[in-house]
Amino acid sequence: MTVRGRFLSGLVTAVAALAAVTTAGTLHAAASAPTIPYVALGDSYAAGQGGGTYLNSCKQTAEGYPELLNRESRIQLQANPTCSGAKASEMAAQLSKLEDDTRLVTLTVGAADLGLSAVLGVCTDPTRTLADCLEAIEHAREDLLPELGSNLPKLYADVAEAAPNARVVVTGYPYLLEPTAPFPTVLIAAINGATDALNSTIEGAVSDANDADINIHYVDVTEEFAGHGIGAEPELLFIHPPGVPDAFHPNATGYQAYADAISAALPGGWLDKQKQLG
């Protein structure tokens, strides 16, 4: 082989080797994209109550939004201590599941602090009066909501301390009743107004925490549920006789709406690429 031939042969071999190394490196980088360790915190709306078969005594379901987020390409559910009835003032056990390497925390909590299940029970009990309902709502708003407003900033600070590298996503709650719901107009306005007050308190506390340099974000879910509350067709929410545990909780479709709202608040690289393209 001539000198020129040997040179060209060596050049081809070198280029092929370089291409192989580059391709292998690219494939390795794609295969080793880091996962996002995720911890879900909160109450029955975080656990997925009403979404399907219960997995444990906390009424967690496979249809809850933590499990739906866990199906994204890079998000990996590190722990899910969510539990029906959890209050913002009683989150210590759940916070113990946070780690230094936790990168994503979701949190839905506050409704139980106001005793909203009991309030809704009063408001939908045919043996109780409208006055009883309005009194229960007023008690929740005037007596319990200020205490929740005091507890949330400490809770958010505790989350940030336990998971200093995490993006914290805090959700609100959907309106339960559509204008067409089978209840008096004044009752519909009072219940949805209480939801407004709860969401406003949560969002305000998140804003204050964000101003204090906590990586925390509020997600409003009311738009996701708009037109699909009780009294609409199709419904995203259950309605049952008073005393049934799943009353006023989302079904599986409702929890997908929660997951969609949360996903929209996450960096695009954390999500399944096919879903982004769709």
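The values are calculated or read from the model by the stated rules, or taken from the named source; none is laboratory data. Quantities reported herein were computed from a predicted structural model and do not represent experimental measurements. Neighbour counts are summed over all protein chains in view; Cβ atoms, including those assigned to glycine, are modelled from backbone coordinates with ideal geometry.
What to note about this one:
- Residue-level check: of (1) over 27 Å from Thr53 (Cβ atoms); (2) of a type in the set (Val, Ile, Thr); (3) modelled with pLDDT of 95 or more, Thr180 misses just (3).
- Meets criteria (within 30 Å of Leu98 (Cβ to Cβ), of a type in the set (Val, Ile, Thr) and in contact with a Pro (Cβ under 9 Å, 6 or more places away or on another chain)) for Thr201: yes
- Qualifying residue in segment 65-74 (condition: part of a loop (DSSP other than H, G, I, E, B), farther than 24 Å from Ala190 by Cα, in contact (Cβ under 8 Å) with a residue 12 or more places away in the chain and in contact with a helix residue (DSSP H, G or I) (Cβ under 6 Å, 6 or more places away or on another chain)): yes
A quick yes/no check of all residues on (1) surrounded by 15 or more Cβ atoms within 10 Å (Cβ to Cβ); (2) in a helix (DSSP H, G or I); (3) touching an Asp or Glu at 6+ places or on another chain (Cβ under 8 Å); (4) among the acidic types (Asp, Glu):
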site	(1), (2), (3), (4)
Ala136	yes, yes, no, no
Asn151	yes, yes, yes, no
Pro179	no, no, no, no
Pro182	no, no, no, no
Ala189	no, yes, no, no
Ile202	yes, yes, no, no
Ala205	yes, yes, no, no
Asp213	no, no, no, yes
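- All positions within segment 159-196 that are over 20 Å from Ala46 (Cβ atoms) and of a type in the set (A, V, I, L, M): Leu177, Ala181, Val186, Leu187, Ile188, Ala189, Ala190, Ile191
- Restricted to segment 215-224, and to residues there that are assigned to a helix (DSSP H, G or I) and under 14 Å from the mean Cα position of the chain (by Cα), the residue that is surrounded by the fewest Cβ atoms within 10 Å (Cβ to Cβ) is Thr222.
- Contact annotation: residue pairs with Cβ atoms under 6 Å, 6 or more positions apart or on different chains, pairing a residue in segment 92-103 that is without any contact (Cβ under 8 Å) to a residue 60 or more places away in the chain with a partner that is buried (at least 17 other Cβ atoms within 10 Å of the Cβ), are Gln94/Leu41; Gln94/Pro81; Lys97/Val39; Lys97/Ala79; Lys97/Pro81.
- When segment 138-149 is filtered for residues that are under 23 Å from Ala209 (Cα atoms) and surrounded by 14 or more Cβ atoms within 10 Å (Cβ to Cβ), the ones remaining, listed by number, are Arg141, Leu144, Leu145, Leu148, Gly149.
- Residues that are surrounded by fewer than 22 Cβ atoms within 10 Å (Cβ to Cβ) and either touching a Ser or Thr at 6+ places or on another chain (Cβ under 8 Å) or not in a helix (DSSP H, G or I) (or both), drawn from segment 104-134: Gly115, Asp125, Pro126, Thr127, Arg128, Thr129
- Tally, over segment 94-105, of residues that are out of contact with any Pro (no Cβ under 7 Å at 6 or more places or on another chain) and closer than 28 Å to Ala194 by Cβ: 2
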